[in-house]
């Protein structure tokens, strides 16, 4: 069976014309992403202050089991559920042992836990229980309760983009504020605590 050389040549030409676009596609995608990040950088918007669609709404209904084997003062620490927010100003911190920024913000959380006007609780996100216990055992446990979210389902309901993230919950169960990313002592004092004070003033 003979092959039409003209058809073969046309196919080769089409492939050669298509080839540069395939090579350039990753570069085009990278340039587009770089443009988005550059625009955000020039805007001066702090990612930690990007508003969340959850703010102003009731906290999602959930019930997270306790982190098995986690003790505080010799007693097992409880899990976490929506009902636990009633009547208290609560800060929910979403964390994981594999999260490097979580480790960076942990000293700030230990200081935050000293404020007896608020209750600091944790949601352990997509983590191995043994690693989470080791993590808190090594650097300290600031939480009054820790619920586990092994599948990330609870995080989806809360609108979690990544870890760490922290939510300020009013005594009526409404999400008053969301802080994205690791807290420092400075951002705790200048960003988070003013939001907490607003909620405390409404009590």
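All of the numbers you see were taken from the coordinates with simple rules; none came from a lab. Everything numeric in this text was worked out from a predicted model, so none of it was measured. Neighbour counts are summed over all protein chains in view; Cβ atoms, including those assigned to glycine, are modelled from backbone coordinates with ideal geometry.
When the residues of the stretch 193-203 are filtered to those that are touching a strand residue (DSSP E or B) at 6+ places or on another chain (Cβ under 7 Å) and either in contact (Cβ under 8 Å) with a residue 60 or more places away in the chain or surrounded by fewer than 12 Cβ atoms within 10 Å (Cβ to Cβ) (or both), which remaining residue is farthest from residue 174 (Cα to Cα)?
196
Scan the stretch 72-93 for residues that are buried (at least 22 other Cβ atoms within 10 Å of the Cβ) and under 19 Å from the mean Cα position of the chain (by Cα) and report the count.
Number of matching residues: 5.
Name the residue that is surrounded by the fewest Cβ atoms within 10 Å (Cβ to Cβ), counting only residues in the stretch 120-164 that are more than 14 Å from the chain's Cα centre (by Cα) and closer than 17 Å to residue 175 by Cβ.
Taking the candidates together, the pick is 120.
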